[in-house]
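The values are calculated or read from the model by the stated rules, or taken from the named source; none is laboratory data. All of these numbers come straight from a predicted model, not from anything done at the bench. With ideal geometry, Cβ positions are generated from the backbone for all residues, glycine too; neighbour counts draw on all protein chains shown. Protein only, heavy atoms only, side chains kept; ligands, DNA and RNA dropped before computing areas. Shrake-Rupley method; radii C 1.70, N 1.55, O 1.52, S 1.80 Å.
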Amino acid sequence: MTKFDITFVVTEEWLGLLGFDPKPATVRFATVPNVVPSEIGRGTDFPGFLEATLTKLQEPFERLLDRLELPKPSVIVYDTYLTWVVGVGNRRHIPVASFWTMSASVLALFHHFDLVVQNGQFPADVSERGNELVEYIPGIPPTRIADLPTIFYGDGLKVLHRALEAISLVPKAQYLLLTSVYELEAHTIDSLRKTIPIPLYSIGPAIPYFKLEDNDNDNNYVQWLNSQPKSSVLYISQASRIKEACGGEGVVVPWCDQLKVLCHPSIGGFWTHCGWNSTKEGVFGGVPFLTYPIFWDQIPNSKTIVDDWKIGWKVRKGMGEEMHLVTREEIAGLVQRFMDLESEEGKEMRRRAKELREVSRKATSKGGSADTDIDAFIRDISQSCNH
């Protein structure tokens, strides 16, 4: 098999955040200056952060390319939203691959956005029309307007044009990489393959499952999990400090190996904002979800988890920017019902979660969908560079 050296291009700030953890000899980092707002506090002005990322990184990236000595075969893999940074087509006779980090379903929504406009469902007031169904996107099950990405309404409209432009340029790349498990979004991926005229590879789950074999039990939280009964712990990932609320009933940590936690036998559920990586890790762990989406693709991911895969419940009710906060009493009642291992509804949800776990893990095994598409991608790069 062809082997590759991998260079990750990050800002100087990000290199500091990544630390100096051990990495394979074939992996290195290259940096560009901090020409975009800091990661710290970027959520206060996400449209401004995205605009700066798309307009200020291209020049330093070009200068970096001038300095880098890239061996053959080489390929530039870039986040789809960073099309303006990398450019499109062959860069200096180096093929480029667009790397889509959200679900295939969200890509399909953007790719067929013109159909939403043609059917009179954009723009739309979510508070009034949120329950209307979008039923004409190829490969996508019926979806409420309220379950579309938040970029389709409210403040998200400030950057919608940028996202749509980036998606429209995907066919100018030489390859498209999806981080989805093919079997979990087969209809969507098959549909995209019919409409996007470049090779498409579904390499998901694209999570660090290979690290699960490390016998690292030194962490306090792993030791605590080892002492808990099977399926008794609700893992809550909320990016905030809730130690006072836990009392002596739980453990709060600033960071953990999330996939290792989700695969631990004591975990009985996952409360999450539904980012795509977290969604895939929860599926790989075979746990049911309590979904609490806030932003961007978290909304349709929650819909997929609850309505399509049927492996979770929603915490919040309401639509779009009208979603209301949930009271302490509502949360307590919901969690008690959710963690009841004897309820018929809970048993069915957990049975389904275990089924999807096996589908996800099979994709990473020899001859699985991810294994096959990764091999195909490497083979195609090698062949194109030799011609």
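Summary table
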read-out: Tally, over region 167-183, of residues that are over 17 Å from HIS111 (Cα atoms) and within 14 Å of the chain's Cα centre (by Cα); value: 1
read-out: Matching residues, region 300-321, being at pLDDT 95 or above, outside any helix (DSSP H, G or I) and β-branched (Val, Ile, Thr); value: ILE311
read-out: Unmet criterion (only one of (1) modelled with pLDDT under 95; (2) farther than 30 Å from SER98 by Cβ) for ALA206; value: (2)
read-out: Filter pass, ARG144 being under 23 Å from VAL306 (Cα atoms), open to solvent by 20 Å² or more (accessible area, probe 1.4 Å) and basic (Lys, Arg); value: yes
read-out: Some residue of region 51-62 being under 22 Å from the mean Cα position of the chain (by Cα) and over 21 Å from ALA166 (Cβ atoms); value: no
read-out: Qualifying residue in region 101-120 (condition: modelled with pLDDT of 85 or more, open to solvent by 20 Å² or more (accessible area, probe 1.4 Å), closer than 22 Å to ILE198 by Cβ and over 21 Å from the mean Cα position of the chain (by Cα)); value: yes
read-out: Region 122-138, residues that are at pLDDT 95 or above and crowded, with 18+ Cβ neighbours inside 10 Å; value: VAL134, ILE137
read-out: Subset of region 171-180 that is outside any strand (DSSP E or B) and open to solvent by less than 10 Å² (accessible area, probe 1.4 Å) - its residue that is farthest from ALA363 (Cα to Cα); value: ALA173
read-out: When residues of region 336-387 are limited to those that are among the β-branched types (Val, Ile, Thr) and farther than 16 Å from TYR175 by Cα, the one modelled with the highest pLDDT; value: VAL359
read-out: From ILE189, ILE167, residue being part of a helix (DSSP H, G or I), open to solvent by less than 20 Å² (accessible area, probe 1.4 Å), closer than 19 Å to GLY368 by Cβ and touching a residue at least 24 places away in the same chain (Cβ under 8 Å); value: ILE189
read-out: SER231, sole failed condition from (1) loosely packed, with under 14 Cβ neighbours inside 10 Å; (2) assigned to a loop (DSSP other than H, G, I, E, B); (3) outside the structural domain of LEU115 (by the TED database); value: (1)
read-out: Residues that are touching a Ser or Thr at 6+ places or on another chain (Cβ under 8 Å), of a type in the set (A, V, I, L, M, F, W, C) and farther than 12 Å from THR80 by Cβ, drawn from region 165-214; value: VAL181, LEU184, ILE189, ILE203, ALA206
read-out: Qualifying residue in region 2-15 (condition: exposed (fewer than 11 other Cβ atoms within 10 Å of the Cβ) and within 30 Å of ASP214 (Cα to Cα)); value: yes
read-out: Total residues in region 350-369, condition open to solvent by less than 90 Å² (accessible area, probe 1.4 Å) and either acidic (Asp, Glu) or in contact with a strand residue (DSSP E or B) (Cβ under 7 Å, 6 or more places away or on another chain) (or both); value: 2
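The rows are residues; the columns are (1) modelled with pLDDT of 85 or more; (2) outside the structural domain of ASP79 (by the TED database); (3) not small (Gly, Ala, Ser).
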position: ALA146; (1), (2), (3): yes, no, no
position: LEU177; (1), (2), (3): yes, no, yes
position: ILE189; (1), (2), (3): yes, no, yes
position: VAL251; (1), (2), (3): yes, yes, yes
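The rows are residues; the columns are (1) in the same structural domain as THR179 (by the TED database); (2) surrounded by fewer than 24 Cβ atoms within 10 Å (Cβ to Cβ); (3) touching an Asp or Glu at 6+ places or on another chain (Cβ under 6 Å); (4) within 21 Å of ARG361 (Cα to Cα).
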{"site": "CYS274", "(1), (2), (3), (4)": "no, no, no, yes"}
{"site": "THR279", "(1), (2), (3), (4)": "no, no, no, yes"}
{"site": "GLY282", "(1), (2), (3), (4)": "no, no, no, yes"}
{"site": "PHE289", "(1), (2), (3), (4)": "no, no, no, yes"}
{"site": "TYR292", "(1), (2), (3), (4)": "no, yes, no, no"}
{"site": "PHE295", "(1), (2), (3), (4)": "no, yes, no, no"}
{"site": "LYS303", "(1), (2), (3), (4)": "no, yes, yes, no"}
{"site": "ASP308", "(1), (2), (3), (4)": "no, yes, no, yes"}
{"site": "VAL315", "(1), (2), (3), (4)": "no, yes, no, no"}
